[in-house]
Structure formats: structure tokens, C-alpha cells
Amino acid sequence: MIRFIVLSLTFSLIFVPTIGLGASKIKVVTTTTDLKALTEAVGGEKGEVESIARGYQNPHFVEAKPSHMIKLRKADMFVKVGLELELWAQVLTEGSRNRKIYPGADGYIDASEGVELLEIPTGQIDRSLGDIHIFGNPHYWLDPMNGIAIMENILRGLTHLAPQDAEYFRKNKEEYAQHLQEATAKWIKRMEPYRDTKIVTYHNSWPNFAKRFGLKVVGYIEPKPGIPASPAHLASLISLMQRKKVKVIIMEPYFSDQAPRLVASKTGAQVLVLPPSVGGAEGVNSYIALFEHNISKLIETFEGEGGRVE
Amino acid sequence: MRIYLYLFMIFIILVSILGVSPLKEFSWGEQGKVKPIKDQDKIVILQHEISDLKKSLKDMQLVIEAQQAILDELKKDLVQPPATPTIQPSPRDPDSQAASKSGLPSLAALNPNISAIGDFTGNMSDDERSEEGDRFGFREVELGFQAAVDPYARADFFVATEEGEEGEIETDVEEGYLTLLTLPWGLQAKLGKFYANFGKINRIHRPERPYIDDPLFIKNFFGEEGRLSSPGVSLSSLIPNPWDKYMELSVEILNGENESSFAGKESDHPIYLAHLKNFFDLSDLSSLELGLTGATGFNDSEGDQRTTLEGLDLTYRWRPLGQGLYRSFIFQTEALFNQRETESRNINSFGFYSFANYQFSRRWYLGGRLEYSEFPSIDIDNEWGYSGILTFFPSEFSRFRLQYNHIDRNYEKDEDQILFQATFTLGPHRPEPF
């Protein structure tokens, strides 16, 4: 009898927590924090969202740890940036053995669907061009208007999984889209005086951002995407920046600031560390906050440079 | 005249872009019960887009004017009207443009991921009898084909072309297996020829191992090929546990083809193998993996003498999340215990290696390896190995490595080796199992 009680207690300890939780909430795992923030905006209190990568982590290189597979094992939905940004994701979804999130399932969402992409390579491509993304630049979430298209994809997934809450999700999405649109209009107005300012970025992460807010990216610290800078490349970048009078270098927090600082010291430019993702800097805890932070930092820097830089 | 035509066409295109895309983008705002987006904001965003378009329109106008000027020049030069009509601007066929944009014809997109890895080595040894000798070797070209077979399974093929003993070229299917992904209860099955799930290093393909040669115990117990592998089946499952940790149990049945520890090609008794993999996150930056393996089979073709192997593997990994591109550390150790029945007596032998690798910049790694091994059927001979390894990655797809080995043997004289390796990869290659 005692043995029976002990056994049943053990079993209940093992199983009860898993039954008790998550009965109504949809469990979503996203690859990046930006997708997490947008999923939370749409899912509201009916979703429970977790991101695999941290905001200050390079999303190209995330370790495919078995502990991530355990997270995915219990997920109802998986959202990824796509365009071959997360080459590590397939190992994780397969390793999770969770059919609900296999490619093609309702719970598998590629957020890039229907997004207008930039820099789709044409013609002969190979790796002599560096780590190029054959389907287009994957940093599309850095245009706030693409956030709306991403939410549309998330909405589709959530609606599939919980049709009874479709109206709730749609309302959430539309409210957030409206905030986003209002905010974008403000950001554009604030950036207006600095239109066409030339900048250099570390990695080619910012084409969508630059296009939306009227910046001109004229060069990169990396000679080719994913390839570390050589002295010869930096020398030519320095002369290019001097010629074009580039005064700002934008870098992501996960790169070494050695090369940007060197270039800055030779050109008098400023190095500005901007988070490309939610959670990449202190206080950046929502999708809107990400742009608010980056726009403010940029304007601060431009103003420090004495107004508009030609 | 023509310039007006151009401008008109551009105007039409502009109108259609401006007229259609915002509607498409924000159409939900109208059907919803939520109040529509404030027009002002929409206007600001659109204004911005329009001014972009205006600018590119201006650029195009300049180009057109310049072209018109050239055309006029040419016309003036031609005293007589040309027999053939003047060059007509051929309107771009939107379909052909779309096709070239997508880049790939549709069937090519269904090709599996194809990769080729070249593994070039150089070897210098102070031992005259050393098998590798003082020479270069093109150890292997490994071709990989990987893709989903259908919604239920994926397939992985690795074919290696290797230099044989006489210098002839041998082709060998290193791995070729089907993985069933959608079995009930979260089970996964592998069918075909694959590297047995014995410890950690046995499953890693040679060009991707973190050192040039194979650890001594792998060589001694699994053969010069450097692996335990044969046709068979594997079934694996994640074990649910109250701590919510990764625990994977795999059970494999393989042909007893291995000649070093088991009976070899003519054996009709299989090897039974079980592996338990445990993974713990110590923090966001570091993790620990502990694996246990047991394998048993016969070492004679009659099936009278049993060999049992036990394996223990431990891996500690550290990589900072933010600056993970520039720093990392791994410590890995594996041990193998062998109990072999022979006609005369039972042999108990043992081998292990410990390996540490530190990444000190984006492209450089420095590593060391300490190892010890006895032999499957001899327990009085042993060898100790001491290695230093320096690795340089110009990119993810090419790698140069220099390694120094000192091998201390109790049955013949010591040996010093210097090894060099260049590994280069074409095409997409799936990451090795973590």
C-alpha cells in the first residue's frame, strides 16, 4: 500500500506540472527576440513566448544546444526569420521531434513570407562573395513597416492554432500596427533633417533601416559579409570615408570594436553601437522601443557632429 | 517625342505602385472594427516613399535625356536614313525578369544540399616505420548529399573517395541512411549505414574532427578508418524527466563488421549498442554533456567469444553569448573499457583521451590533447600521446591546422610527428551533431 502511494505521488509530481500549466496558452518559440516581441504583441495574454537567441547575440551563429530542443519539444508554434539566417534552426526543430513545428505544419511560421525583400542576388553567386544570403537580406525586421507583414504571418499561425481567439489576435495586431505606424511617421519626421546622411556599418544588417529612414550606407567594415576586415580593406575604407566625409560608423554589439575604432581614429568618425534586435541594449524591450532607441541615438550622434553632415 | 512617351510610362508605373501597394499593405484597417490608421501618419510615410521615387525619377530623367542626346547625335551623323529601323527600346518582358530574379529554375530548387569536402594532409615523422611516412596525402574527398525525402523522412549520404594503401583510389559509402522523423511517441529511427553512436568523436566525420589524426584509442579499438560504423538500425527517444533536461536514449543494432574489436566482415552476429546522452545548461554561457555507452558483440565468427565495450564521455563547453564570435572553450574527455573473451583468457584493456581547445581570436584556436591507450587483445602494451594543435579558420569553409604529436610507447621506441592539414568545403553542409 505504501509503495502504491509513493509511486502515485512520484507520478503525480512528474506529470501534474505539465498538465496544470499551458492548458489554454499557446506556447510559441521564436528564433529571435524581435519575433518574440511581435508575437507577444499579437498573442497578448493568450500566448507564452520564448526566444532562442538573445538580443545581444549574433543571430547568424547560435549554438544548436539540445536544451533548445527541449524548449521546442513543448512548443505549439515556431517562428523564424527565414532567408537562411538561422542555419542552426533545422537541427533544432528536427531534434525536438515535435511534428507540430516541422516545416509545412500549421505551427511552423517563416516570418519573411510576403515581406518585400532587398538585395536578392542575381547572376552567378558563390562564396567568393562572402556569406551571402541567396534569398535576400535577412535583416528585414529593421524596417518597422515590415513588422506589420511579420505580424500578419504570426497572426495566421495563431489563428490556425486557436480559431476561437481569431478576433482577439486580429484586434491586437491591428492595435500594434497602428502604434507602429504612428511611431514610424514620427521617426521619419525626426530623421528628416539628416536625410541622405552617409554612414558606414560593420555588417550589412541595416539596408532596410537605412532605406526607411533615408540614410545612405556607403561602406562596410567587413570587406564581404561574414569576412573579417583586412588591413588593405580598412585602408581603402578610410580613404573612402575621408572622400565622402562619412562621420558615423554603426556597429552591432556582438562584433569586436577594434576595427571600427581604428577606422574612427583615422577619419574622425564616431562609432555608434546600435542593437539590431530587441534586448540588444538596456531598456530596449519592445519592437517599438528598438527603433525609438536607435533613432534617438542616431540623432544624438548627428547633432553631436554639428547638424547635417554632407 | 520619345522622351514624353518614356515619362508617360514612368508616370503610369508610379501611379500603379503608389495606388496599389499602400492599399494592399493596410487594407485590413478598413474592414476591421478598429478605428482606421490615422491618415496623417500614412501620409508622412507615403510622402517619404514618394520623395524617394521622385528622386529616382529625376535620375531616370537625366539618363533618358543623356540617351536622347546620344540618339540625336547619331541621327545627325546619319545622312541617309538607315535601311533597318532605328533601335527600338525593347520593353522588358515582366515574366522573364521575374524568372531571372528568382535565380533558380524550379527543379534545381529541389536538388538536395550537395557539399564536397577536401581533406589534404602533410606528415613528418622521425620513425622510419611510420605508415604515413614523410609525405603529403590527399586523405579524402567527402561528398555529402542531404535532403528531406518526403514529409516523413530525411536522407543523408556521405561518399568518400580515399587514397588506398597502394595509392589506388577507393570509393566508400561512409554513411548513407534514412531518418524517420514522424514516428509515434517522438521516436526517431535510422536505417542504413551510419557512424555508431559510441561516445562523441566516433560520430564526427574525419575532416570535421578538431584534430588531424584520430585519438589513439579510436585507432586501436575501431581501426585505421577511425570509426565504429556498419550497416544497421538505430532507434532513439527523448526520455521525459522531472528536471526537464535533455536525455536521449538510442539503441542500435549493427553488423559486427569491425575488425579491431569485433569479428569482422564474415561475422553474422550483430553488435548491440546503447547510448544515453545527457545535456545540462550550467548557465547561458556554459554547458555540460555526459554520455554513457555500452556495446556488445562477438569477436570470432562462431559467436563463442564475447567482447563488451563501455564508453564514458564528458564535454564542457563555454562560449560567451555577446562576443561568441571571438572566444570559446571546449574540454572533452572520453574513455573506453574493453572486456574481451579469448580462447586462453579474458582481456581487460582501456583507453582515454582528454582534449581542450581555446579560441583566442575570431579565427584562431589553440588546443592540447593527452591520451592513453592499450589494445583490444593485448593489455600489457600501451602508448601515451601528447599533442599540441593550432587551428586557423580563414572562413567557416576553409581551415588550416598544424599539429605536433609525441607518442610514448612501452613496446617500441617513441615517435615524434608533425602534421599539417588543409580542409576546404564547397556547398551547404549541415552542422555536426552538438
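Each value in this text was obtained by applying a stated rule to the coordinates, not by laboratory testing. Given the structure is predicted, the values throughout are model-derived calculations rather than measurements. With ideal geometry, Cβ positions are generated from the backbone for all residues, glycine too; neighbour counts draw on all protein chains shown.
If the requirement is being away from chain A (no Cβ under 14 Å) and under 28 Å from the mean Cα position of the chain (by Cα), which of these qualifies: B:ASN220, B:ASN278? It would help to see each step written out before you state the result.
Details: B:ASN278 fails: away from chain A (no Cβ under 14 Å).
Only one candidate passes the filter, namely B:ASN220.
Just for region B:281-307: of the residues that are farther than 30 Å from B:ALA356 by Cβ and touching a strand residue (DSSP E or B) at 6+ places or on another chain (Cβ under 8 Å), which one is nearest to the other protein chains (Cβ to nearest Cβ)?
Taking region B:281-307 as the starting set, the residues that turn out to be farther than 30 Å from B:ALA356 by Cβ are B:296-307.
Add one more test, that the residue is touching a strand residue (DSSP E or B) at 6+ places or on another chain (Cβ under 8 Å), and what stays is B:296-299, B:304-307.
Details: B:THR296: 26, B:GLY297: 28, B:PHE298: 33, B:ASN299: 34, B:ASP304: 40, B:GLN305: 37, B:ARG306: 33, B:THR307: 30 Å.
Restricting to residues being farther than 30 Å from B:ALA356 by Cβ and touching a strand residue (DSSP E or B) at 6+ places or on another chain (Cβ under 8 Å), the top hit is B:THR296.
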If A:GLU282 satisfies every condition in (1) touching a residue at least 60 places away in the same chain (Cβ under 8 Å); (2) within 14 Å of chain B (Cβ to nearest Cβ); (3) more than 27 Å from B:PRO394 (Cα to Cα) but one, which is the exception?
-> (1)
Restricting region A:157-172 to residues that are out of contact with any Leu (no Cβ under 6 Å at 6 or more places or on another chain) and in contact (Cβ under 8 Å) with a residue 40 or more places away in the chain, the one nearest to the other protein chains (Cβ to nearest Cβ) turns out to be A:ASN172
Residues within region A:95-133 that are charged (D, E, K, R), facing another protein chain (nearest Cβ under 9 Å) and farther than 30 Å from A:HIS203 by Cα, tallied = 2
Since B:TRP243 meets every condition but one in (1) within 14 Å of chain A (Cβ to nearest Cβ); (2) in contact with a helix residue (DSSP H, G or I) (Cβ under 9 Å, 6 or more places away or on another chain); (3) not acidic (Asp, Glu), which condition does it not meet?
-> (2)
All positions within region A:176-225 that are touching a strand residue (DSSP E or B) at 6+ places or on another chain (Cβ under 6 Å), of a type in the set (Ser, Thr, Tyr) and within 12 Å of another protein chain (Cβ to nearest Cβ) = A:TYR202
Across region B:250-271, which residue is nearest to the other protein chains (Cβ to nearest Cβ) among those that are crowded, with 16+ Cβ neighbours inside 10 Å and assigned to a strand (DSSP E or B)?
-> B:SER250
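Go through region B:336-349 and report how many residues are touching a strand residue (DSSP E or B) at 6+ places or on another chain (Cβ under 7 Å), without any contact (Cβ under 8 Å) to a residue 60 or more places away in the chain and not charged (D, E, K, R). Break it down into steps so the answer makes sense when it comes.
From region B:336-349, those touching a strand residue (DSSP E or B) at 6+ places or on another chain (Cβ under 7 Å) are B:336-341, B:346-349; that's our starting set.
Imposing the further condition that a residue be without any contact (Cβ under 8 Å) to a residue 60 or more places away in the chain reduces the set to B:337, B:339, B:341, B:346-349.
Checking the rest, the ones that are also not charged (D, E, K, R) come to B:337, B:339, B:346-349.
The number of residues fulfilling the criteria is 6.
Can you say whether A:PRO59 is of a type outside the set (Phe, Trp, Tyr) and within 22 Å of B:TYR326 (Cα to Cα), as far as the supplied structure shows? Lay out the reasoning, then the answer.
Working: of a type outside the set (Phe, Trp, Tyr): yes; within 22 Å of B:TYR326 (Cα to Cα): yes.
Considered against the rule, which asks whether it is of a type outside the set (Phe, Trp, Tyr) and within 22 Å of B:TYR326 (Cα to Cα), A:PRO59 comes out as yes.
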Residues of region B:401-434 satisfying the condition of being more than 14 Å from chain A (Cβ to nearest Cβ) and either assigned to a loop (DSSP other than H, G, I, E, B) or hydrophobic (A, V, I, L, M, F, W, C) (or both) | B:LEU402, B:ILE407, B:ASN410, B:TYR411, B:GLU412, B:LYS413, B:ASP414, B:ILE418, B:LEU419, B:PHE420, B:ALA422
Considering B:LEU312, B:LEU321, which residue is part of a strand (DSSP E or B), in contact (Cβ under 8 Å) with a residue 12 or more places away in the chain and of a type in the set (A, V, I, L, M)?
-> B:LEU312
Restricting attention to region A:41-61, report how many residues are facing another protein chain (nearest Cβ under 9 Å) and crowded, with 23+ Cβ neighbours inside 10 Å.
-> 2
Of the residues that make up region A:79-88, is at least one surrounded by fewer than 17 Cβ atoms within 10 Å (Cβ to Cβ), touching a Ser or Thr at 6+ places or on another chain (Cβ under 8 Å) and either charged (D, E, K, R) or within 9 Å of chain B (Cβ to nearest Cβ) (or both)?
-> no
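Name the residue, out of A:GLY136, A:GLY147, that is of a type outside the set (Val, Ile, Thr), over 27 Å from A:LYS186 (Cα atoms) and within 13 Å of another protein chain (Cβ to nearest Cβ).
Values: A:GLY147 fails: over 27 Å from A:LYS186 (Cα atoms).
Sole residue among the options that is of a type outside the set (Val, Ile, Thr), over 27 Å from A:LYS186 (Cα atoms) and within 13 Å of another protein chain (Cβ to nearest Cβ): A:GLY136.
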Which condition number does B:PRO242 fail, the rest of (1) surrounded by fewer than 16 Cβ atoms within 10 Å (Cβ to Cβ); (2) under 25 Å from the mean Cα position of the chain (by Cα); (3) assigned to a loop (DSSP other than H, G, I, E, B) being met?
-> (2)
Hey, among the residues in region A:173-194 that are surrounded by fewer than 19 Cβ atoms within 10 Å (Cβ to Cβ) and free of Cβ contacts under 8 Å to residues at least 40 places away in the same chain, which one's nearest to A:ILE148 (Cα to Cα)?
-> A:GLU175
When only residues in region B:197-206 that are surrounded by 20 or more Cβ atoms within 10 Å (Cβ to Cβ) and under 13 Å from the mean Cα position of the chain (by Cα) count, which is nearest to B:GLN421 (Cα to Cα)?
-> B:ARG206
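Pick from B:SER377, B:SER398: which is surrounded by 14 or more Cβ atoms within 10 Å (Cβ to Cβ), away from every other protein chain (no Cβ under 14 Å) and either more than 20 Å from B:ARG209 (Cβ to Cβ) or among the small types (Gly, Ala, Ser) (or both)?
Working: B:SER398 fails: away from every other protein chain (no Cβ under 14 Å).
So the residue among B:SER377, B:SER398 that is surrounded by 14 or more Cβ atoms within 10 Å (Cβ to Cβ), away from every other protein chain (no Cβ under 14 Å) and either more than 20 Å from B:ARG209 (Cβ to Cβ) or among the small types (Gly, Ala, Ser) (or both) is B:SER377.
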Just one listed residue, out of B:ARG345, B:ARG362, is under 30 Å from A:PRO228 (Cβ atoms) and of a type in the set (Lys, Arg), and it is B:ARG362
Out of the residues in region B:332-363 that are within 22 Å of the chain's Cα centre (by Cα) and assigned to a loop (DSSP other than H, G, I, E, B), which is surrounded by the fewest Cβ atoms within 10 Å (Cβ to Cβ)?
-> B:SER361
Pick from region B:48-68, criterion among the β-branched types (Val, Ile, Thr) and more than 14 Å from every other protein chain (Cβ to nearest Cβ), ranking: surrounded by the fewest Cβ atoms within 10 Å (Cβ to Cβ) | B:VAL63
